[in-house]
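Just below is one structure, and these are the notes that go with it.
The values are calculated or read from the model by the stated rules, or taken from the named source; none is laboratory data. A quick note: this is a predicted structure, and the numbers were derived from the prediction, not measured. Cβ placement follows ideal geometry from the backbone for every residue including glycine, while neighbour counts extend to all protein chains displayed. For the accessible areas, the whole protein counts, side chains as well, though only heavy atoms, and no ligand, DNA or RNA atoms are used. Shrake-Rupley method; radii C 1.70, N 1.55, O 1.52, S 1.80 Å.
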Amino acid sequence: MDFEAALTMELKTVPEVENRVYPLTAPEKTTSPYIIYTSSDGLRVNTVTNGYLPDKSVEGEINIIAPRYSTMKQITSQVIDLLVSMSQREIGTGGPYINEMIYEKPVELYEAQVNLYRCLIDYKAHFKE
C-alpha cells in the first residue's frame with residue numbers, strides 16, 4: 001500500500017467524517033463534515049556518497065471542513081492526534097513505516113460562500129519505501 005492510500009485509510013478512522021475523505025476536492029453536494037487532502041509523490045533523499053536512498057519525504061495538506069466551528073475544532077484535534085501517532089509506526093494496512101511525521105500550526109478559516117468552517121494542516125512525512 002502506498003503512502004496516499006495508507007493516509008486515506010488512517011483519516012477514514014476519524015468517526016465524525018464517516019469515511020468522507022477525498023483527495024484534492026470533495027464531490028459536489030458532499031455532506032459536511034469531511035476531509036480533503038493533498039499529497040505528492042514526494043522527494044527521494046539523495047546523498048553524496050550513496051546517491052538516492054529508499055528514504056522519501058512527502059509534503060501535503062489536510063483540510064477539515066465542518067458546518068460548525070466546534071465540530072471543526074473537535075475533528076482538528078482528532079486529526080492532529082492521528083498525525084502525531086503516525087510517527088514510528090506503519091500506517092494503513094501494509095503501508096509505509098513513518099519515521100517522522102511533522103505538522104504545522106493549523107490555520108482556521110470561515111468559508112462565507114458555503115457557510116462552512118475549514119482548518120488547514122500542512123504536514124511532512126518521512127519514510128522508507
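List of remarks:
- Note: relative contact order over the chain, using C-alpha pairs below 8 Å and six or more positions apart, is 26 percent.
- Carbon plus sulfur fraction of accessible area for segment 17-129, probe 1.4 Å, in percent: 50
- Under-27-angstrom lysine pairs by C-alpha in segment 8-129, whenever the two are 8 or more apart or on separate chains: 14
- Residues residue 84 and residue 53, FRET efficiency given R0 of 30 Å [Cβ-Cβ distance, rounded to 0.05]: 0.75
- Note: relative contact order over segment 89-129, using C-alpha pairs below 8 Å and six or more positions apart, is 43 percent.
- On Cα atoms only, tilt of 69-86 relative to the major axis of the chain in degrees: 10
- Converting phi to 3J(HN,Hα) with the Karplus coefficients 6.51, -1.76 and 1.60 and the offset θ = phi - 60°, segment 21-27 yields 10, 9, x, 6, 8, 8, x Hz in sequence order, with x at every glycine or proline.
- The distance between label points at residue 93 and residue 120 comes to 3.4 nm (points 7 Å beyond Cα on the Cα→Cβ vector).
- Cβ charges +1 (Lys, Arg) and -1 (Asp, Glu), total dipole of the chain, debye: 200
- Trypsin sites (Lys or Arg not before Pro) within segment 30-108: DSSP coil, no more than 14 neighbouring Cβ in 10 Å: 68
- Computed over protein heavy atoms with a 1.4 Å probe, the accessible surface of the chain works out to 57 Å² per residue.
- For segment 17-129, the alpha-carbon radius of gyration amounts to 1.20 times the rule-of-thumb value 2.2 N^0.38 Å expected for a compact globular protein.
- Subtracting the Cα-Cα distance of residue 61 and residue 129 from their residue separation scaled by 0.36 nm leaves 22.4 nm.
- Segment 1-79 - convex hull of the alpha-carbon atoms, volume per residue in Å³: 97
- Exposure ranking of 2, 55 by accessible area [1.4 Å probe, largest first]: 2, 55
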